[in-house]
Amino acid sequence: MRAGQHRTARRAALTLGCALLALPATAPPRADARITPVTPIAGPSTAIVELGGVAMAPDGTGGLVFRRRDEDGRTHIYASRFDGVTWAAPVRVDRGQRFDSSWPAIAAAGGGRLVVVWVQEFGVATDRLFAATLDPGATGFQAPVPVDLNVGEAIATYPTVAMNRAGTAYVVYRVVNATPQQNTSLPSDTVDADVRVARTSGQFWSVLGAPMDRDIAVPVATPTALNAPRIGVDVAGNAVVAWQEPDATQTDRVFARRLFGGTMGIALQVSPSERDGRPVRGRTDQLALAVAGFGQAVVGYRELGEGDEAAADARVWTNAIPESFSDKAAAFAGPRLADGGPAAPDQPLSAPPGPVSVATTPAGAVAAGVAVGPASLVVSGDDRSVGAPVRLDDGTSTASGDPVVGLSSADAAAAYAWRVQQGRVGAVAAREVRADGVPTTRVLSAPRGGRVTDLRLAGSGVGDAAIAWVQGEGDGTQIAAAVIDAPPAQFAAQAPLTWVRTPTAKLAWDTAPHAIGGVSYDLTVDDEQVATGLTRTRTELPLADVEDGRRTLVVIARDSAGQETESIPTELRVDRTAPTVTVGRSGRRGVRVAITDGAAGESSGPSAAGTTVRFGDGRGTRGRVSRIVHTYRKAGRYRVTVTTRDRVGNRRVLRRTVVVR
C-alpha cells in the first residue's frame, strides 16, 4: 500500500470510529466504565494463519492462541497470556515438535493458568492431539503431553476446550474416519466421524471410553467450524457437551449430554424433530453452547428452512437446561426463537441470520447474539421466554456483525462485541452494559486496520471479557486484543440487627464480585464518608461522629481501574444516648415525671422494665414510662429519684428536690 493509500485508510478509519462512537441509542457512558485500548498481539504479517481462540478465567486472567508459520516453513502454535493488566508477548506452545501444528484451542483458570490443545501432524491418518499448560507465574508452557495419539487425518478436528476455576478441563473434538473419497458408500455431503471427549484434572489427559455420538454408524454432515461440537465445564468439574448428528429421519439435529467426570449421561435432543405435531424438515447447520454454575446450560442453533430457499428461511433458536441438581435437569426446557423475527417459525427473517453466540448464568438468564443482515442483535430471556431484540450497531455498517456475547453471573451486567465495516475499513465495536443498564461503547481497530475476519469473546462470568480478532489481509494480517473491564457487581452489606450503644459498630459485607485487579472498600453513612481504603470485608466503625438514629450504610467497592459500585443500602441503628427525664409540678401538691427517648422510631425507646421512680415520701412506681403522676398528702420537701434505661441499656439516674406547700 502506498503512503497516500495509508493516509486514506487512516482517515476512513477515523471517520468510522467517530460515526460508531456517536451511537444515537446509547446513553452517555459513565466516566468510570473501562474498555481498554487495543493491544497488537501479532503481525502485520503473512505468517499469521489463524486465530484459535480466546479465554478468560473467573479472576480476569486469560489468554489467546493462534497459529503462525515460522521461518522453517512449518506452522506452530503461539499463545499470549493476559495477567489482568497487560497482554504478554506470544510464546510458542508446541515447543519441541518438528511438524506442522493445527487446530489450536485455549481455556483459562485462575492465576493466569492456561491450557492449549492442538493437533500435531504425524503420519497418514495418524495425527495426534496434544495439550500444554502454562502455570501461574511461569513464563513458558510445559512440555506437550498427549491427549489422543490417533485422531486420524486431522482434516476437521475442530476442538473446543473448557476449564473451570479448579483446573478441571475437557476437550471435545472430531475424528474423521472416512470421507466419500475414501468410502464411496458415503453420501457426498457426509463423512464417517466420531465425537470424542478427553478430560484432565492435572497434567495427564484421558479419553472417555466411548464417543459422544448416539449412533457411531450413522454418517454425519461434512464438518465445518459452525457445526463443530462444543463443550463447557461447570464449577463442580462436570460438563455439558453438544454436537450435531442426524436423527431417525436422517435430518441433522443438535444433541447434548451431561458428563459427570468420566461418566456420560444420556443423549438429549436439543433441536426437535417435530414442532406443533408436524415434522421439522429443516436441518441445523450451526450450534453454540454456554455453561454456568452447576451445569446450567444453553444451546443456540441455526435451523435452516426447507427446499431451495433453506438458507434464506433459516431461524435461530435457543434451548436451555437448568443446573444438574434441579428437578428439571433431565431435559431441555424447549426451543425459543432468539432472532427477533416473526413469532411463527415458518416465517422468514428480513435477511438470512448469521451464526448465533450464547451466554447464560446460574440463575437461568440467557443472551443470544445474532446478525440479521447488517444488523447486530442481542436477545435476552431465560428458559421460559425471550425478550424483544436490541440492536447493538448504529446502522451504518455494511457487513454482518456476527455479535458475540457474555453475561455476568453476579448481576445483570453484559459484554458484547461485533464487527463493523464501511467500505474497505473495518473495526470491532465493544460494549459494556453495567447492571444498572448504563452502556459504554468503544470502537477498536488494529494499527494497520482492514477488514475483521474473525472475532472471539470470552467472559469472566462477572461482566468482564477478553476480545480477540483477526484484522487485515495478506501482509497486513494482524491479531489484536482488548479487554472489557467491568466494575464490581453489586453486593450486600450487613449491620447489627439491633440498636447499637457501644462506641463502635461491627460491620461486614460480602466480597464484591469482580475479576480484574483488586478491590478496596469505602464506607458511607448518610452519604458521608466514614472510612476509606479498606481491603477486608469487615470492620469496627467508631461511632463518635455518627449521630443517633436510623442511618443508611452504604459500602462502595472500588476496583483497580477506579470503577465504583455501591452495596445494597442497609440500615445502621445507633442509640448511644440515655433517655431524657424531666420532673415538673402537677397541680398544687402533685409532681409529674416525663421520660422520653428522642423522636419516635429514631431510638430504641425507654424500657418500662428498667424504669423505677421514688417520690421521696416512701411511695414510688416501677415498670411505667408514661403518665407518671403523683400527689403528696402533705407539704414538705421531697427527693424524687428516677432511674431509667432504654431498650439497649443506656441508663440515666435523675434526682430532683420538690417543695410542696
Report, in whole Å, the centroid distance computed from the Cα atoms of the stretch 483-545 and the stretch 440-472.
35 Å
Rounded to two decimals, what is Rg over Rh for the stretch 493-574 when you use alpha-carbon atoms and the Kirkwood radius?
0.97
Quick shape check on the stretch 293-421: root eigenvalues a ≥ b ≥ c of the Cα gyration tensor, a/c under 1.5 is rounded, otherwise prolate if a/b tops b/c, else oblate, and it reads oblate
Dimensionless Rg ratio for the chain, taking C-alpha atoms and the 2.2 N^0.38 Å reference
1.29
Compute the projected area of the convex hull of the Cα atoms of the stretch 580-660, averaged over all viewing directions, and report it in nm² to one decimal place.
5.0 nm²
Relative contact order (percent) for the chain, with alpha-carbon contacts under 8 angstrom and 6 or more residues of separation?
10 percent
Please give, to one decimal in nm, the separation of the simple spin-label points placed at Glu473 and Ser626, each 7 Å out from Cα toward the Cβ.
8.6 nm
Helix-only mean residue ellipticity at 222 nm, the chain, DSSP H runs n ≥ 4 weighted -39,500 (n - 2.57), per residue, nearest 500. What is it?
-1000 deg cm²/dmol
Estimated inter-spin distance, Val438 and Glu309, nm [label 7 Å along Cα→Cβ]:
4.7 nm
What nm distance separates the two modelled labels at Arg275 and Arg69, each placed 7 Å from Cα along Cα→Cβ?
4.4 nm
Place a +1 charge on the Cβ of each Lys and Arg in the stretch 125-260 and a -1 charge on the Cβ of each Asp and Glu, then give the dipole magnitude about the Cα centre in debye, rounded to the nearest 20.
440 debye
Between the DSSP loop rule and a limit of at most 15 other Cβ atoms within 10 Å, which GluC sites (Glu not before Pro) in the stretch 296-401 are left?
Glu306
Looking at Gly209, Asn150, Val115, which one has the Cα that reaches farthest to the positive end of the dipole of the stretch 88-245 (charges on Cβ: Lys, Arg +1; Asp, Glu -1)?
Val115
Candidate cut points under trypsin sites (Lys or Arg not before Pro) in the stretch 415-513, DSSP loop plus at most 14 other Cβ atoms within 10 Å of their own Cβ, are Arg424
Treating the angle as unsigned and between 0 and 90°, give the value, to the nearest 10°, between the Cα long axis of helix 3-21 and the longest Cα principal axis of the chain.
40 degrees
Relative to the present Cα-Cα distance, how much length would full extension add between Leu497 and Thr596 at 0.36 nm per residue of separation?
33.4 nm
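Computed from the coordinates by the stated procedures, all read-outs in this text should not be read as laboratory data. These numbers come from a predicted model, not from an experiment. Neighbour counts run over all protein chains shown; Cβ positions are idealised from the backbone, glycine included.
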